[in-house]
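The values are calculated or read from the model by the stated rules, or taken from the named source; none is laboratory data. The shown structure was predicted, so the numbers you read here are calculated from the model rather than taken from an experiment. Positions of Cβ are backbone-derived with ideal geometry, glycine not excepted, and every protein chain shown enters the neighbour counts. Surface accessibility is based on the protein's heavy atoms, side chains included, excluding ligands, DNA and RNA. Shrake-Rupley method; radii C 1.70, N 1.55, O 1.52, S 1.80 Å.
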Amino acid sequence: MTRHVSVRAEHVAKTYNIPREDAPLPSDYVRRPRWALRAPRTRSIDALRDVSFELHEGEVLGVIGRNGAGKSTLLKVLSRITSPTSGRVVMRGRVASLLEVGTGFHPELTGRENIYLNGMLLGMTSQQVTAVFDAICEFASIGPYINVPIKRYSSGMQLRLAFAVAAHLAADTMIIDEVLAVGDAEFQRKCLGAMRDVSRAGRTTLFVSHNMSAIESLCSRVIWLEKGEIREAGATDQVVRSYLRAGAASTDDAPEVVELSNAPRGFQLGGARLNTIRFRRDAALSDDGPWQVNFGESFALEVGFSLKPGLIEPIVGIALRNDRGEDVLTSHSGDLPTRWPTGGGDTTAVVSVGAPWLRPGTYFIEVAVISGVQLLDHVSNAATLVVAEQSADGAPPLQIKKGVVAPMWTWSISSLG
Amino acid sequence: MAVGVGAQRHRADVASPVLDERGDDSVPVIVIDGKSPWRRWFADLYVYRGALQSLAWRNLRSRYKQAALGMTWAVVQPAVQVLVFTVLFGRLVKVPTGGVPYPVFALAGLLTWNLFNKIVNEGAVSLVANQNIITKLFFPRIYLVIASGASALLDAAVTSLLLVVLLAVYHIAPTGQLWLAVPALAGVLLFSYGFAALLAAINARWRDVQHTLPFLLQVGLFVTPVIYQVTFVPERWRWLLALNPLTGLIEIFRAAVLGTPVPEGWVVELSLIMSVAATLAGVWLFRRSEATIVDVV
């Protein structure tokens, strides 16, 4: 039996021309016009280079890669948000993309109105929304809140509603970006379940995630993007294994300071804006690159952000997620009394991560600024941290243990005899 | 039958038979290659019609949210404008209107001007104001421009009712050419959207548009025959009014509704040519830039 090809990408390339920092200023045209007229104003960045693949009907393809590898650009091209610079993609059937949950939600409108508005914005007609309306309400389990403006919903409820709409789209091909990076564990399980149902129903899916366990449980094949090119493609377990193995090596060229201004974001209220996250080593003992520590080694993270003045007791927090998608720990500035500078503006928060006992592996760092119970800004994949198998004090490698963390606690053993 | 991904190179001439551009059966086929032929453009307009409805609804619903007077504002705004202009230009300056009571004269002009003004005002910033949506979702980008004018259309409908009331109050009987008001308004609508699309495409790259636009529109009210007639202007300066794409449409609309004299043929004709040219330029530039507009916005 030959299954139909649903998506075929042929030599897709995308080049962005971004403005140069040293581009001539208006005053340069007066002071040195000859230089200003000839000076390059943009610099080109190849976000995608010669990407080709085929996707068959009903198949779930995973796309993995580090931040900036071109995953988002690929999804934007496939979902027609932007055009490729060269090459082409041919797709069969209706395509729906979900690059962010809740795009186009209007806080002043009720849950009912938002279901219609969002569903139609995603490409359904109002009749199609009506047909799945009850199913959406049930999946989102918002019950009596259906006629309440969604600004009164908790962020969890908004998220459930948004995913519920997307999960019920009438599309043959779904393009999904990192939707599982947000939400609590129960919600993530529900989404995974919904997505599994979707692929079993024969819907072709293209799925981007940093969550390797989600990739492993959903995808039959995976492509690994690096620097805009396909580095490896094939069976899921094989590609994921080589990706994780390469994880430690590839942090070598990661910059110490990660720019967050343009990082993808989920729901946020505004009022604060995360700018950077910097990796700092407490002691200059190691010659390892940034974002790479030995087992048990302490380090510090420095979060740079801008605040609007007058916010009441904002809190900065980080969360670490392992490559199975489990939240390992959360820490925030509200844990212990912290004195805040008044007046807003550019602010830096430093957290010292002392002897964290993180198991060797790859960790994804989430950063957030919160005020009260409201999320002002948050980036769910701000940076990647690799914990090497070697322990900080040169002690023998860690024995195999159960659990999410591997603490090294002191035992005292005495004989009772 | 695992198909090699990535490393495998496809040549166009060995394209597998189950996936070609024509669509072998009833299933639609989407081609993404940076080109946008008209046929594909119109097909998308149809497929994504729900998005237009959704965007227009958002625009209308958020328009008067948490405003105590709600829809009353649609009546209050033109009423206050008419009042101010009647005092200034009807009573003090005594602008000639060909015998038509000044309030009706002004309202007929303001109906068309406000429609243009609001469509352009909101349409020009529609892409920038909705960046968070266009960077995450695909639908025909022109729908953002069209939907942003939804509230302007509603306001114009309310103003039309107000105009009917004023016509009755002043006992002005409908003219024999009343039907001309329909193509005139349709013309205003087309030109407004074309101009809004032009500005929206430019504003996506250079925000200077949205900074200068309010000022230009303020000036525009006075260099367009809204609160006066073309004949009010000395003959040797009328060519300036003829270059204004709204002049002809407004004069035709007012002549159709109120029976005011139509200015010289060449003024109207030149003005109509200008509005067609501006509309076409807007659609052309918008279509040229929409495919990669999210890269620069």
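Treating r as the C-beta distance of A:GLN238 and B:VAL219 and R0 as 60 Å, the FRET efficiency rounds to 0.35. Taking all protein chains together and a 1.4 Å probe, the residues B:LEU110, B:LEU153, B:LEU280, A:LEU99 rank B:LEU280, B:LEU153, A:LEU99, B:LEU110 from largest to smallest accessible area.
Modelled spin labels at A:ASP335 and B:ALA186, positioned 7 Å past Cα toward Cβ, are 6.9 nm from each other. Only beta bridges with both residues in the stretch A:254-391 are counted; by DSSP, about 90 percent of them are antiparallel.
Spin-label model, A:LEU37 to B:VAL296: label points 7 Å out along the Cα-to-beta-carbon direction sit 2.2 nm apart. For the stretch A:5-249, give the share of DSSP beta bridges that are antiparallel, in percent and rounded to the nearest 5; count only bridges with both residues there. Beta bridges within the stretch A:5-249, antiparallel portion: roughly 60 percent.
Remark: the stretch A:128-143, residue by residue, has Karplus-estimated 3J(HN,Hα) of 5, 5, 4, 5, 10, 4, 5, 5, 5, 4, 5, 4, 6, 6, 9, x Hz, where x stands for each Gly or Pro and the curve is 6.51 cos²θ - 1.76 cosθ + 1.60 at θ = phi - 60°. Only protein atoms count toward the accessible area here, which uses a 1.4 Å probe; on the protein assembly as shown, the carbon and sulfur part of that area reaches 59 percent. As a calculated quantity, the FRET efficiency between A:TRP411 and A:VAL148 at R0 = 35 Å, using C-beta atoms, amounts to about 0.05.
Three principal axis extents describe the C-alpha atoms of the protein assembly as shown; from largest down they are 119, 68, 67 Å.
Each principal axis of the stretch B:148-297 carries a Cα extent, and these read 56, 38, 25 Å when sorted largest first.
Using C-alpha pairs under 8 Å with a sequence gap of at least 6, the mean separation divided by the residue count of chain A gives a relative contact order of 14 percent. Ranked by solvent-accessible area (1.4 Å probe, protein heavy atoms only, all chains present), the residues A:TRP35, B:TRP206, A:TRP411 order from largest to smallest as A:TRP411, B:TRP206, A:TRP35. In vacuum, with every alpha carbon of chain A counted as one equal point scatterer, what does the Debye formula give for log10 I(q)/I(0) at q = 0.09 Å⁻¹? Two decimals, please. Results for chain A at q = 0.09 Å⁻¹ read -0.65.
Across all Cα pairs in the stretch A:5-249, the calculated P(r) in 5 Å bins from zero up to the longest distance comes to 1, 6, 12, 15, 16, 14, 11, 9, 7, 4, 3, 2, 1, 0 percent per bin.
On a 0 to 90 degree scale, rounded to 10, what angle separates helix B:49-63 from the longest Cα axis of chain B? Helix B:49-63 and the main axis of chain B meet at about 50 degrees. I'd like the orientation of helix B:102-124 relative to chain B: the angle between its Cα long axis and the longest Cα principal axis, in ° from 0 to 90, rounded to 10. The two axes meet at around 20 degrees. Add -39500 (n - 2.57) for each DSSP H run of 4 or more in chain A, then divide by its residues: what number comes out at 222 nm, to the nearest 500 deg cm²/dmol? Dividing the helical sum by the residues of chain A leaves -7000 deg cm²/dmol.
Fully extending the segment from A:TYR29 to A:ILE312 would add 97.2 nm, taking 0.36 nm per residue of separation and subtracting the current Cα-Cα distance.
Once the Cα-Cα distance is subtracted from the 0.36 nm per residue extended length, the B:PHE42 to B:ARG205 segment shows a gain of 56.2 nm. Take every DSSP beta bridge whose two residues both sit in chain A; close to 75 percent of them are antiparallel. Note on the stretch A:254-391: Cα-Cα pairs beyond 21 Å make up 40% of the total pair count.
Residues whose amide H comes within less than 5 Å of that of A:ARG43, counting only those at least five positions distant or on another chain, are A:ILE18, A:ARG20 (H built at 1.01 Å from N in the peptide plane). Only helical runs count toward this figure. For chain B, summing -39,500 (n - 2.57) over DSSP H runs of n ≥ 4 and dividing by all residues gives -20000 deg cm²/dmol at 222 nm. Here the convex hull built on the C-alpha positions of chain B has a volume of 186 cubic angstrom per residue.
Each residue of the stretch B:216-277 gets 83 Å³ once the volume of the Cα convex hull is shared out per residue. Taking chain B as a Gaussian network of alpha-carbon nodes connected by springs under 10 Å, the highest mean-square fluctuation of the residues B:VAL233, B:VAL29, B:VAL100 belongs to B:VAL29.
If the segment from B:GLN77 to B:GLU269 were pulled out straight at 0.36 nm per residue, it would be longer than the present Cα-Cα gap by 65.9 nm.
For a quick check, take a GNM of chain A with Cα springs below 10 Å and name the residue from A:GLU256, A:GLU297, A:GLU229 with the largest mean-square fluctuation. Of A:GLU256, A:GLU297, A:GLU229, the most mobile in the Gaussian network model is A:GLU256.
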